[in-house]
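Read-outs throughout are calculated quantities, based only on the coordinates presented, and are distinct from any laboratory measurement. Quick caveat, the model's predicted, so the values are computed rather than measured. Glycine gets a Cβ as well: all are built from the backbone with ideal geometry, and neighbour counts include every protein chain shown.
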Amino acid sequence: MMKIEAIIQPSRFESVKDALLEIGIEGMTVTEVRGHGRQKGHTEVYRGREYTVDLLPKVKLELVLPDQLVNRAVDAILKSAKTGKIGDGKIFLSRVEEAIRIRNEERGESAL
Amino acid sequence: MKRMGIVCCSVLTLVLLALPLGAQQPPAATSRATPSASASSPEVPRAVTEKLNELDQKVTAAQSSADNAWMLVSAALVLMMTGPGLTLFYGGLVRQKNVLAIMMQSFALMALITVLWALVGYSLCFGGDGHFIGNFQMALLRGVGVNPNPDYAATIPQLTFMVYQLMFAIITPALITGATAERMKFSGTVLFMTLWFLLVYAPMAHMVWGKGGFLNASLGGRFPTLDFAGGTVVHVTSGVSALVCALYLGKRTGYPKQPMPPHSLVLSFTGACLLWVGWFGFNAGSALASNGLASSAFVATHFGAAAAAIGWCVAEWFKNGRASALGAISGAVAGLVAITPAAGFVGPRSALAIGFIAGMFCYWMVTKFKSMFGYDDALDAFGVHGAGGTIGALLTGVCARVVINPIFGDGKAVGGLDGHWSQVGNQLVGVLIAWGLAAAGTTIILKVVDLTTGLRVTEEQEVQGLDITLHGEEGYNLES
């Protein structure tokens, strides 16, 4: 089992979600987050006062998938989240030890 | 023969000219119909006299009801400027944790000033004929009923005049809360505003608008200052007091290092648009009748606001390379402020010029001037109202025209463009008195409040936000 954490542009979220649904992925956890990588922030000016806003809104998706689905899911995210501009985000992959469904205490991949 | 023809033609022309002239002189006809006149000319039957008297009364009643309708609407429009206009405008400009506190300050004034107005306020502003302040003759609204007060507005019930003027007394102190925002105690605000209304607003309103007032232009003032709808009375006094408050209170904790952007320009935007609409009641209503002067003031008001929005945006575009929404609405408000004293004295072209100048000037005041001196006028009450009111009052002296409003008598020059340049000097006297009274009065009142209820919240309260700490509420419980 692998966990995919993808931090993407909020504007790309809908198409990423659709692309994942298309390859048969049914579950995901989505969080609205703030942050920046190399993109840095922007300045806002209110009546002559300048404010630098360096934490920008992003969307974070978390999915835990059986190994054979991971590559297809990563491809789908890459294709649908890319705008080609700085600030498109990142994908992190990590191994997951165990998964437990709370309702019936199923364990392992069948719990996903 | 030929000369005879010319003479005949001339006589005929004269007769023809005289006919409609005679027909256009109803006052002569009316005076003939008065009872005393009919006594001396018994050939007019009694029934005709009675009929004419009846008609006279009907004409007066018709004019009164038209004027009264407009003035009641105007009064409501001016109240709408405070709530929701100003409350939304200011509410959006503060941080989220202080939105209720700033709105509550204006709303509290809607209640507080109304009660004070009934007790003594109206009488202190409009009672008697003193030079500097009214008297207690109309305290508790004694004698204020449906009959007009001919000194001020001969065609509307005095009750209408009274309630219309009350709405001005509400918004004026409310403007000051923009400078003290995000750090002044609610108790301190209530005490400050009570004293400020009695000691600064009432004398200034009486001096400019009250009978016998030192600066009154139409009722025998020493330095006749033109102030149609409150450039000095409302905007200079509140704006200068705002500056004094900002200096006395000190900066907000964290200013200017910590970012304090407006929490919702959508609220501010809505508020500014309501202010613009409400201002028609403020300025056009100041004609105190539904007449041509009201139309003139209405048009000048609208043109001033539009030109100022453009002026501010142009300045901003040159400076930052883009025009902002906050800039556009701030510019419109600055223009409305500047056109307030001028509205009933200037034509549409002068209104455009006054607005444009005010838009650029106020932009400079809130961006450059404020950062040069480093005071924390949180929502720019001084930069917009003090500065806009001052420049508007002075430009009124330049642009006022006798064709718009012959306030000094028929054909007598009014402002600089008429050739009466000394009016600019009179305006300067009015402005200086407003500055002086506001600065001195506010300083004394701040001292008194500081020693009694206290002025500033604790730093802890300020950091946590005034909504929770002063009112026990939050503006937005979006997750509940």
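Its relative contact order, with pairs defined as Cα atoms under 8 Å and 6+ residues apart, puts chain B at 19 percent. For the stretch B:354-369, backbone phi angles converted through the Karplus equation (6.51, -1.76, 1.60; θ = phi - 60°) give residue-by-residue couplings of 4, x, 4, 4, 5, x, 5, 5, 5, 4, 5, 5, 7, 9, 7, 4 Hz, Gly and Pro being listed as x. Its alpha carbons give the stretch B:313-392 an Rg and a Dmax of 12.5, 38 Å.
Remark: for residue pairs B:Lys319/B:Lys370; A:Lys17/A:Lys79; A:Lys58/B:Lys257; A:Lys85/B:Lys319; A:Lys17/A:Lys58; A:Lys58/A:Lys82, the C-alpha separation exceeds 20 Å in A:Lys58/B:Lys257; A:Lys85/B:Lys319. Stokes-Einstein diffusion for the stretch B:332-476, with the hydrodynamic radius set to the Kirkwood value over Cα pairs and evaluated at 20 °C in a medium of 1.002 mPa s, equals 120 µm²/s.
Dividing the convex hull volume of the alpha carbon atoms of the stretch B:174-329 by its residue count, what do you get in Å³ per residue? Each residue corresponds to 154 Å³ of Cα convex hull volume.
Applying both filters, DSSP loop and at most 16 other Cβ atoms within 10 Å, to the chymotrypsin sites (Phe, Trp or Tyr not before Pro) of the stretch B:105-188 gives B:Phe132, B:Phe136.
Our note on the geometry: Cα centres of the stretch B:136-151 and the stretch A:52-112, 76 Å apart. Placing dummy labels 7 Å off each Cα toward the beta-carbon, the span from B:Asn53 to A:Lys3 is 9.8 nm.
Take each peptide in B:401-409, B:97-105, count the other Cβ atoms within 10 Å of every residue, and average; sorted highest first, the result is B:97-105, B:401-409.
Convex hull of alpha carbon positions in the protein assembly as shown: directionally averaged projected area 44.0 nm². For chain B, the longest principal axis of the alpha carbon atoms and the long axis of helix B:325-339 meet at an angle near 40°. Distance between the pseudo-spin-label points of B:Phe369 and B:Thr443 (7 Å out from Cα toward the beta carbon): 1.9 nm. Cβ crowding within 10 Å, taken as a proxy for footprinting-reagent exposure, orders B:Leu267, B:Leu124 from fewest neighbours to most as B:Leu267, B:Leu124.
Quick one: Debye curve from the alpha-carbon atoms of the stretch B:104-202 only, equal weights, vacuum; give me log10 I(q)/I(0) at q = 0.10, 0.14, 0.18, 0.23 Å⁻¹ to two decimals. Log10 of I(q)/I(0), two decimals: -0.29, -0.54, -0.81, -1.16. Here the gap between A:Thr31 and A:Arg72, fully extended at 0.36 nm per residue and compared with their Cα-Cα distance, gives a gain of 12.5 nm. Taking the inverse of the mean 1/r over every pair of distinct Cα atoms in chain B gives a Kirkwood hydrodynamic radius of 23.9 Å.
Give me the angle, in degrees from 0 to 90, between the Cα long axis of helix B:46-80 and the longest principal axis of the Cα atoms of chain B, rounded to the nearest 10. Compared with the principal axis, the helix lies near 20 degrees.
Across the stretch B:75-136, the mean sequence separation of Cα contacts (distance under 8 Å, 6 or more residues apart), normalised by length, yields a relative contact order of 21 percent. So how tilted is helix B:2-23 from the main axis of chain B? Cα-based, degrees 0 to 90, rounded to 10. Taking Cα atoms only, the helix is inclined about 50 degrees. Over chain A, Cα pairs under 8 Å with separation of 6+ residues give a relative contact order of 42 percent.
Mean residue ellipticity, 222 nm, helices only, the protein assembly as shown: the sum of -39500 (n - 2.57) across DSSP H runs of n ≥ 4, divided by residue count and rounded to 500, is -17500 deg cm²/dmol.
Over the stretch A:1-86, the pair-distance histogram of Cα-Cα distances with 10 Å bins from zero comes to 16, 43, 25, 11, 5, 1 percent, rounded to whole numbers.
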